[in-house]
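**Student:** Starting off with a structure, shown below.
The values are calculated or read from the model by the stated rules, or taken from the named source; none is laboratory data. Please read these numbers as outputs of a predicted model, since none were measured by experiment. Please note: Cβ atoms are built from the backbone with ideal geometry, for glycine as well, and neighbour counts cover all protein chains shown. The accessibility values were calculated without ligands, DNA or RNA, using every heavy atom of the protein model including side chains. Shrake-Rupley method; radii C 1.70, N 1.55, O 1.52, S 1.80 Å.
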Amino acid sequence: MARSITLNVNGLATEVTVDDPNMPLLYALRNNLGLHGPRFGCGLGQCGACTVHIDDNAVRSCITPLSAVGNRDVVTLEGLGSPEKPHPMQQAFIDEQAAQCGYCINGMIMEAVAFLLKTRNPSDEQIREALASNLCRCGTHLRILRAVKRAAAQA
């Protein structure tokens with residue numbers, strides 16, 4: 001039986017109608033709300049492509065059931081900034097040309113933003129450790145590291 005669930009996404013209260021309240025948050029974000037920043041990667045919470053923020057914490061949306069979200073604040077890549085006014089982390093990734101294929105970038109940016117909310121002036125090793133669970137097959141790791149350092153310096 002279909003059920004309406006209210007989500008607070010990118011600063012807006014939004015209703016989604018779902019058959020299963022335990023459906024992954026990722027599916028609601030992409031299929032119901034048309035937000036394509038978070039991506040389906042592994043479906044197991046291991047690659048990071050689906051990362052979003054829930055109350056400023058980086059969370060894997062592919063393994064987070066809608067029923068667990070409640071009225072907490074969800075922020076996707078689209079909610080960080082806009083094309084006209086990107087978030088400082090998004091701008092740093094642009095400036096450092098940190099994307100190659102771009103598939104991992106959602107997770108890298110969302111994880112890095114959550115990390116910098118808790119860690120000021122991180123070392124290279126701290127950044128590497130914070131992003132270690134986000135997989136990138138293209139090998140842009142050095143540019144990603146530079147982007148996070150650039151954004152940290154501006155914070």
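**Student:** Give me the residue from the stretch 94-108 that is open to solvent by 10 Å² or more (accessible area, probe 1.4 Å) and assigned to a helix (DSSP H, G or I) and, out of that set, nearest to Arg128 (Cα to Cα).
**Tutor:** Ile105
**Student:** Any residue in the stretch 11-28 that's closer than 16 Å to Arg72 by Cβ and touching a residue at least 40 places away in the same chain (Cβ under 8 Å): show its pairings with residues that are of a type outside the set (Phe, Trp, Tyr) and open to solvent by 80 Å² or more (accessible area, probe 1.4 Å) at Cβ separation under 8 Å, as long as the two are six or more apart or on different chains.
**Tutor:** Matching pairs, first to second residue: Gly11/Asp73; Pro21/Arg3; Pro24/Ile63.
**Student:** Could you check Leu135 against (1) in a helix (DSSP H, G or I); (2) touching a residue at least 12 places away in the same chain (Cβ under 8 Å); (3) over 12 Å from the mean Cα position of the chain (by Cα) and say which number it fails?
**Tutor:** Every condition holds for Leu135 apart from (1).
**Student:** Could you list all residues from the stretch 1-58 that are aliphatic (A, V, I, L, M), exposed (fewer than 14 other Cβ atoms within 10 Å of the Cβ) and either under 13 Å from the mean Cα position of the chain (by Cα) or in a loop (DSSP other than H, G, I, E, B) (or both)?
**Tutor:** Across the stretch 1-58, the qualifying residues are Met1, Ala2, Leu44.
**Student:** Of the numbered conditions (1) open to solvent by 50 Å² or more (accessible area, probe 1.4 Å); (2) farther than 27 Å from Gly11 by Cα; (3) in a loop (DSSP other than H, G, I, E, B), Arg146 fails exactly one; give the number of that condition.
**Tutor:** Failed condition: (3).
**Student:** Same structure, new question: Output yes when any residue across the stretch 70-83 is of a type in the set (D, E, K, R), modelled with pLDDT of 95 or more, part of a strand (DSSP E or B) and open to solvent by 60 Å² or more (accessible area, probe 1.4 Å), and no when none is.
**Tutor:** Yes, the stretch 70-83 has at least one match.
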